[in-house]
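The values are calculated or read from the model by the stated rules, or taken from the named source; none is laboratory data. These numbers were taken from a predicted model, which means no experiment stands behind them. Note that we place each Cβ from the backbone using ideal geometry, even for glycine, and neighbour counts take in every protein chain shown.
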Amino acid sequence: MSFGGHVNDMINRVKQNAALKNARRNKFKGGNDYAKTKNIKTAYSFPKFSKDELEIFKLKVQNEVKKEKIKQLKILVFVTVLVIVFLLFIFY
C-alpha cells in the first residue's frame, strides 16, 4: 500500500507548526516590547465627568440611540410595505 506522499506531507506540516509555536512563544512570555511600557501617555486624554455630567451624557446617548432605532424601524416598515405592494402589483 502506498500513501502517495500524504503521510510525509502531514509530518512536514507538524514540524512546521511546531517551529512556528516555538517562534511565537517569546511574544507571550514577555519578550515583546509592550511588556515593558507602562508609563506611556496616550495621545488622547479622556475627559473627566462629574456624576451629574455623566448622567446627562448617558441620557443624551440613550436618546440618540432611541431615535436611531425608531428611524431604522420606520425605514424597515416602509421597505416592507413597498415590497408587499410591489409583489401584489406583480401577481395580481
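Below, the figures for the structure above:
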read-out: Single condition Val77 does not satisfy, out of (1) modelled with pLDDT of 95 or more; (2) surrounded by fewer than 10 Cβ atoms within 10 Å (Cβ to Cβ); value: (2)
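Listed here are the residues, each with its yes/no results for (1) assigned to a loop (DSSP other than H, G, I, E, B); (2) at pLDDT 80 or above.
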| residue | (1), (2) |
| --- | --- |
| Asp9 | no, yes |
| Val14 | no, yes |
| Ala19 | no, yes |
| Asn22 | no, no |
| Gly31 | yes, no |
| Ile40 | yes, no |
| Asp52 | no, yes |
| Val61 | no, yes |
| Glu64 | no, yes |
